[in-house]
Each structure stands twice: as C-alpha cells, then as structure tokens.
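Enquirer: First, the structure itself, so that you have it in front of you.
Each value in this text was obtained by applying a stated rule to the coordinates, not by laboratory testing. Computed from a prediction, not measured in an experiment: that's the story for all the values here. Cβ: placed from backbone, ideal geometry, glycine included. Neighbour counts: every protein chain shown.
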Amino acid sequence: MIGQARDPVCAMPVATQIARSLDHEGERFFFCSELCKNAFAWNPGAYVRRAHAADGSEEPARIIAYFSMEVAADPRMPTYSGGLGVLASDTLKSFADLRIPAIAVTLAHRNGHFAQSLDGEGRQLEHPEGWAPESCLRPLPARVEVLIEGRSVQVRGWRYDVVGLGGWVIPLVLLDTDIAENAEPDRHLTDWLYGGDDRYRLAQEVVLGVGGVRMLRALGHTEIEKLHLNEGHASLAALELLRGTQQPQVWDFHDVLRRCVFTTHTPVAAGHDQFGYDLVRSVAGDLVPGDVLRMLGGEDRLNMTRLALNLSGHVNGVARRHREVSQDMFPGYDIGSVTNGVHSVTWTADAFQQLFDRYVPAWREDPTMLRQAASIPVAELLEAHGTAKRRLLDTLRDRTGRTLDPGALTVGFARRATQYKRADLVFSDLGRLRALGRAGKLQLVFAGKAHPRDGAGKDIIQRIVRAGRELGADVPVVYIENYDLELAKAIVSGVDLWLNTPRRPLEASGTSGMKAAHNGVPSLSVLDGWWIEGHVEGVTGWSIGSASHTLGGVTDDAADAEDLYAKLALVLQLFHGDPERWGAIMRMAIALNASFFNTHRMVHQYASSAYCK
C-alpha cells in the first residue's frame, strides 16, 4: 500500500514511495516538487510546525516580502498607473496560484493616479479618482511610525487578499497615513500615486520602504528572508534592513545582500528617482550615517536605483535586451534578466477561456500547456475572437458613441502616452495611411493616459485626435478616455492586431502584447523589449525596423514609419484575403508566445534564480 504524507510547504498530499524527500532533525519530510523541497531546505523552521498540524490549517511563515509602489490588485482600487502596477498584481496572482509563501506591501493611494477625460480638442483633463479603503479592505491591528521632517508620522495598514486557484492567499498590505493623530499634511502623504514634488515623492518612499518593513515586523514577520524590490521606489526598505544589522561601527552588508532581490524596469534615465542629499536629510533624517548613504546611493545625489543595486544580491532586468541596456547604464554590476509575463487567466477573454478549457484543460494551472493551442481548429479560434471583438465594439459604442465596423482590421494601441512610445508614429503620413484604409477596411483604437506633468505626452494625445478627424471615414480612429483594467482587457482581446512603436532601446519589456497574444492577437511591433524574444516573422506577428540600437544613437522615425506602412499593407491583405492563414498566425501567437510569456513561468524563474539562493 502506498503511504501518504502532506507536503509541509504547499500542504498538498503526496505519495511517500515516489515523492521527493528530505531529512531534518531526525525527521523525514516529503514534497510534491523540487520547488517545495528547495523552499523547505532554504528555511525549514518556517514549515515544520505546519507539517505537524493535524488539520494543516496553520499558516506558514511568509518568506518573500514583495514591495511595489503600485499594485493593480482590483478594479475598485485605482492604486496603479500602468504596466508596473499590473505586473505586480499579476506576479502576486501567480504567487497565489503556485502557493509561493509571500506577502506584499504597497501604499493605499486614496486619490489613485488620476481619472482622465478629454475635451473636444483632445486635451487631457485630470480628476481625483477617490475610493474608500474600508469598502474593499480589512484594517490591520498594527501601527508603526516613521520620522518625516522630524515629525513622528503614524502609519496603519489595510489588508487585501490575493486568492489563488487552489485557495492559497497572498496578503497585500496597503499602508495609509490618513490617521487623525497625524498632522494635516502628513495625513495626505499616501493620497496620490506619483503626485506632488520631489519632497512628496521622497516622503512616500520613506512610508513604503521604512514603514513597510516596520509594518511587517509589527505583524509578526520579524525575519524577512527575501525582500523583493519591484523598482527603485522601494529601495529604502533595503536600507531599513541594513539599519537592523547595525552594531557599533559594523554593518552586515552581506546579510542584506543575501536577502534582497531587485528588479529594475526602466532604461529611461528620468525613470530612476534621484534626490539631493539636503532634501534627504530634511525629509528622512539620518536613516544611516551620511557617509554610508553616499557610499551606497551615490556621492552627489541619492540615486534610488544605485542604492538598490548596492544592497541586492540578485539584480535583474525585465527582458534579455533590457539586461544589456541596464548593464550599459550601470557598468560594474552583475545584472541578469527575467523576462516579464502576464497572468494568463486574468488577461484571457471569456470566449478564449472556454475554448482553452475544451482543448487545453490544464492551461489554468500550467500556462505552458498553451503550446497545445497549435491544434485548435481555426474556425473555432476565429469564432472565439469574433465574440471578443463584438464585446469590444459594444464597449466602444457605450463609452464613445462611435460605431465601428466588425469586418475592418481593428488595430489596438493602448499604453501610457509619452514621447518614446511614439503612439503617433502611424500618423506620420496621413495620405499613405488613408490609401491603406481605402485599399482594405482599417480602423484604429487608442487609449492611454499622459502623466499630468508630461506636456509632450499630452500633445501626442491631441495629435492623435486631430489626425482621426482629418482621416474621417477613410480610417476611423477612436481615442477612449480613462484607460483602466477592464478597458485594457476588452481592447487586448478584441482588436485584430496589436501595435507597438517605441524608440529603441527604451522599451524595457512591455506586457500589453503578451496579453494580446493570450487572445490570439498577433503583434506588429518594433523589435525591442520582449518582442525580440517573442517575434517570429509572419508566424507570431511582424516586426518594425531592426533590433539594432546604441544607447547614444537616434532612432530613425522616418525609416520606422516606412517599414510600418509596408508591413501594415501586408497585414491588411492577409487579414482580408486569407482568413485560414490569419487564424494559423493567431494560433501560433498563443502556442509560442502565451505559453511562455506568463507570470507562472516568470515566478518559477525568480524562485530558482533569486528566492531559493
């Protein structure tokens, strides 16, 4: 008879005769996988009590603390601005699905980033996006304090549960300073995501990093085994760990390096927060002695990315090309790469979920199985896409009053409006674009916010709106205001082609095209970020320009526009003239791209390369 045991890490039943095993303090433990075995070997004390619990109800110690300035955990909570927050949320969902012991920390941005509206000329207007934490969060019992400008600021926490497919829960702690005991300015420190000036931003980073570590300790997580810094905004968390190691004239840098993991997300210099040391002293006080802080963060200014680099034993970019770019930006550091992904179930439209359930039954638990989508009948694939497309067009009609043609090639472009993303590249030659539209039905769907202080990004939105008016019925153009999670899912699943036109090498990774691929939508994209890895010409989509770049070089907009128009003409002909081949390309976008570019694969890579070391 085969003996049964329960895995002490994930609590799943395992057959002892065939299970992996490990001896600890005279007792043998059994595991369902190498992942769980490695987690136990790394920190057995976190799991022994659970293994001895008769009903398996005891919660294991949380061994990964994931810090991010923004997390798009719930459509009701506008605590995100774009890709960084969505990636954070997708990561936590895969943690939960894969039963990775973790806890996450962010801020409870009570006014969100902002709600966007456009006036008749396409000018962006910003409005508070207020929400009430008590409407969807549970208050936590603990409070901590941080010093900001010499004042004691109280910080409380709210809890949101990210629940996985099997019921495993990842707690998300949202920090909040809107407490009656705080001075009036301090009550609003966590109100706005990326709002205010440098002083406000630095104060927020103190709350997130220093307050976040203290909150976890107050909640009973006295030993943070791994601290994952999702971008440099959270770097002060590593500094708070370092403070905890201090003995007279001694700092245990090696302990902090062992525990910290840092993911850098941007190859754009302006995306790396820097603060003058006078401001740092004024706002944050002496977190560590000034000479130590300058040694770690830079001699002239506190560079939050450099601080994270110097305190993290594992550092990675978010695509292979981004690793190269980051290595050039920060020479001397050992920077690896873990290419981003998206949470497959979250970003797959209902019609495609039902299709995958029929043909790839295990895809929800193991998205790598989506490679089997290569055998899905084209007719059923096109039918599922037709359902998703009708849903998008209904959404556009309801939001804008515009009725688009379900038979036209519908091209989607939805992301933050900023110069390097070149959302207006497709309008470089309106005469050429008009001729394409007359040759084969074509329509364009845009969405995305510009940062309130990004005048150039706002100008791009206006240019798109003006171009749409000039093109008229020849090439219908719709710009949908107030881009959010629900609209994002409708667009990535309902368009026929995903367009991405960043200046090389400024696209760190990009994830919108990955979401589109989960719904059989191929990409027409500049060869940068993830698309260098996911692109197979004419199989998963099409390229724009070459993959070559130099950090000091200038992208040739005219050459990229010329290639864009040439490829768009080819795509139009294929879409309208050969639906069978078009369906085959949709299948390969799923089988080759969705099966790999997902956060389950990404989290497995983090576990093997960073968390279990």
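Enquirer: Would you mind calculating the relative contact order of the chain from Cα pairs under 8 angstrom and at least 6 residues apart, reporting the percent as a whole number?
Expert: 13 percent
Enquirer: If you find the alpha carbon centre of the stretch 248-287 and of the stretch 568-613, how far apart are they in angstrom?
Expert: 36 Å
Enquirer: Tell me, what does the Kirkwood hydrodynamic radius of the stretch 363-479 come to in angstroms if you use every pair of distinct C-alpha atoms?
Expert: Result for the stretch 363-479, one decimal place: 16.3 Å.
Enquirer: Now, a different point. Can you give the Kirkwood hydrodynamic radius for the stretch 164-300, in Å, rounded to one decimal and based on Cα pairs?
Expert: 16.5 Å
Enquirer: Further question on the same structure: What distance in nm separates the simple spin-label points at GLN4 and ARG143, each placed 7 Å from Cα in the Cβ direction?
Expert: Result: 4.8 nm between the two label points.
Enquirer: Given a cut-off of under 8 Å on Cα pairs at least six residues apart, what relative contact order in percent is computed for the stretch 345-597?
Expert: It comes to 24 percent, rounded to a whole number.
Enquirer: Only helical DSSP H runs with n ≥ 4 go in: add -39500 (n - 2.57) per run for the chain, normalise by residue count and round the 222 nm mean residue ellipticity to 500 deg cm²/dmol.
Expert: Helix contribution divided over all residues of the chain: -10500 deg cm²/dmol.
Enquirer: Also: Roughly what angle does helix 350-359 make with the longest principal axis of the chain, taking Cα atoms, 0 to 90 degrees, to the nearest 10?
Expert: The two axes meet at around 80 degrees.
Enquirer: Whole percent per 10 Å bin, from 0 to the bin with the longest distance: what is P(r) over all C-alpha pairs of the stretch 462-613?
Expert: Distribution as computed: 10, 33, 37, 16, 3, 1 percent.
Enquirer: Can you grab the distance from the C-alpha centre of the stretch 488-520 to the C-alpha centre of the stretch 289-366, Å, no decimals?
Expert: 18 Å
Enquirer: Using 22 Å as the Cα-Cα cut-off, could you pick out the over-long pairs in LYS449/LYS489; LYS226/LYS421; LYS93/LYS458?
Expert: Pairs exceeding the cut-off: LYS226/LYS421; LYS93/LYS458.
Enquirer: On to the next question. What Kirkwood hydrodynamic radius, in Å, does the chain give when the mean of 1/r is taken over all pairs of distinct Cα atoms and then inverted?
Expert: 25.4 Å
Enquirer: Give me D for the stretch 75-171 in µm² s⁻¹, whole number, from Stokes-Einstein with Rh from the Kirkwood sum over alpha-carbon pairs, 37 °C and 0.692 mPa s.
Expert: 208 µm²/s
Enquirer: Counting DSSP beta bridges in the chain, what percent are antiparallel, to the nearest 5?
Expert: The answer is about 45 percent antiparallel.
Enquirer: Something else: Would you pull out the residues with amide H under 5 Å of ARG20's amide H, same chain only if 5 or more places away, H placed 1.01 Å from N?
Expert: Those qualifying (amide H under 5 Å, at least 5 residues apart or on another chain) are PHE31.
Enquirer: Determine, from the Cβ-Cβ distance of ALA374 and ASP405 and an R0 of 22 Å, the FRET efficiency 1/(1 + (r/R0)^6), rounded to the nearest 0.05.
Expert: Taking R0 as 22 Å, the efficiency between ALA374 and ASP405 is 0.15.
Enquirer: Indicate, rounded to the nearest 5 percent, the antiparallel portion of the DSSP beta bridges found entirely in the stretch 57-191.
Expert: Within the stretch 57-191, antiparallel bridges account for around 70 percent of the total.
Enquirer: Once you wrap a convex hull around the alpha carbon atoms of the stretch 345-597, what is its projected area averaged over all directions, in nm²?
Expert: Taking a quarter of the hull surface, the average projection is 12.5 nm².
Enquirer: Using amide H atoms built in the peptide plane, which far-off residues or other-chain residues are under 5 Å from PHE114 H to H?
Expert: none
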